[in-house]
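Scroll down for the structure; my scribbles are underneath it.
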Amino acid sequence: MKNPFNEFYHVFNSQELLDIAFKRGMKSSAQVSKNAPILVKAKKKESKRIKVSIEELISRILKIIKMVPIIDELPDFYRELASILVDTDKLKLTLGRLNGILPILSQFERIYFSKLGKIEAPKDADRLRRAAFGRISSIVNKQNKNLKYLNSIRGKLREIPSIDYTMPCVVVAGYPNVGKSSIVKLVSTNKKIRVEVYPFTTKKLIMGHLEINRRFDKIVVQILDTPGILDRPMSKRNSIELQAVLALRIISDLIVFIFDPTPACGYAIDSQIELYKEIKKNFSKEGEIEIIIIFNKMDLAKEDEIDYLKKKLALNNNDFYLTNALTGKNLDKLISQVKSRYNTTL
Ligand SMILES: Nc1nc2c(ncn2[C@@H]2O[C@H](COP(=O)(O)OP(=O)(O)OP(=O)(O)O)[C@@H](O)[C@H]2O)c(=O)[nH]1
Ligand SMILES: [Mg+2]
């Protein structure tokens, strides 16, 4: 499914909306017979201007409201991710408030139509139209902070990756700075993934793809790069880590857990082990979701560092891959395992 926020486009601020609406209103021309009295002409002209301006505003505001998906109706992944990234209650409230001015605007149209019906001098028509525009401006300007709020959150929501629910999704997880992005970059088609020497480089979920040619067709395995997670209580985890946790919980068919056995990543190996245990316990669905273990940075890793990890996790040499994400060494083994898994099971 495509990211439902893809069509959450730029939102105009109140002044921009008013400018567009009034400009259209002022350009409109009422159908009125040439021979009609000046008073009738003035009434028709100004009521048309008010009507067109209000209709323009209503249609533009409705368009804004409609381009934001209804959060509660979204699939779990998008709904929960949206609520990690933004305050969805505030979002609902904001949309509700914008919606709330629509009947008021419609009412203005009726009020000023009736007022215009009662005037006796042509110049009063112009005066009334100005008064109407003034009231419209004041009501729309009160929504400016809501419009700005929508604009401020759209970037984050539009960055959510599109997930194809019909295809498998491999979630790559681990501590910060262990080489997750380097690995996803190497094994997938997504070469735009950022790799940096410092931790917390990846701040959002980033999708890569791995194509598998089968005998008669081709499938695309999704490989999701995630932000690093620290070993700490769930309640202490920030919104960056929680995105990774969410991906593990909701969309992973297979987990690739990356260890950095060396001190290079900046985090103790025991903390990485604790995180691994937590993920295994909570997200492997009692073994239903396989976890592939990788010891990365083999170029830096010392024998005793590898042995320590092996012993702590009670692993044999065949239970993990020793990789170097700088050169790609042994990542072909990871790719082969992923390929053979999906070659048969789909
Ligand atoms: N020597 C060595 N360095 C590596 C290896 N893999 C990754 N690195 C380096 O480790 C640093 C972190 O790599 P990333 O791929 O950004 O790590 P990450 O796990 O995605 O980090 P966050 O997104 O911050 O959690 C970068 O400087 C990489 O070049 C490796 O196998 N050997
Ligand atoms: Mg990263």
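The values are calculated or read from the model by the stated rules, or taken from the named source; none is laboratory data. The model shown is predicted, which means the values in this text are computed figures rather than measured ones. Cβ: placed from backbone, ideal geometry, glycine included. Neighbour counts: every protein chain shown.
Within segment 172-183, the presence of a residue that is more than 16 Å from ligand 1 (Cβ to nearest atom) and over 19 Å from Ile71 (Cβ atoms) is excluded.
Counting just the residues of segment 186-205 that are over 21 Å from the mean Cα position of the chain (by Cα) and surrounded by 20 or more Cβ atoms within 10 Å (Cβ to Cβ), which one comes out nearest to ligand 1 (Cβ to nearest atom)? Checked segment 186-205; the qualifying residue nearest to ligand 1 (Cβ to nearest atom) is Leu186. A search for C-beta distances below 7 Å between a residue of segment 202-220 that is at pLDDT below 95 and any residue that is basic (Lys, Arg) and assigned to a strand (DSSP E or B), counting only pairs 6+ apart in sequence or on different chains, returns Glu211/Lys218; Ile212/Lys218. Here Ala132 meets each of (1) within 16 Å of ligand 1 (Cβ to nearest atom); (2) surrounded by 15 or more Cβ atoms within 10 Å (Cβ to Cβ) with one exception, condition (1).
Okay, residues lined up against (1) free of Cβ contacts under 8 Å to residues at least 12 places away in the same chain; (2) in the same structural domain as Thr88 (by TED's automatic domain parsing); (3) assigned to a loop (DSSP other than H, G, I, E, B):
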| position | (1), (2), (3) |
| --- | --- |
| Ala132 | no, yes, no |
| Arg135 | no, yes, no |
| Ser138 | yes, yes, no |
| Asn151 | no, yes, no |
| Arg154 | no, yes, no |
| Ala173 | no, no, no |
| Pro176 | no, no, yes |
| Ser182 | no, no, no |
| Asn190 | no, no, yes |
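Every condition in (1) without any contact (Cβ under 8 Å) to a residue 40 or more places away in the chain; (2) over 32 Å from the mean Cα position of the chain (by Cα) holds for Thr88 except the one numbered (2). Residue pairs whose Cβ atoms lie under 8 Å apart, separated by 6 or more positions or on different chains, with the first residue in segment 297-313 and within 13 Å of ligand 1 (Cβ to nearest atom) and the second among the acidic types (Asp, Glu), are Lys297/Asp260.
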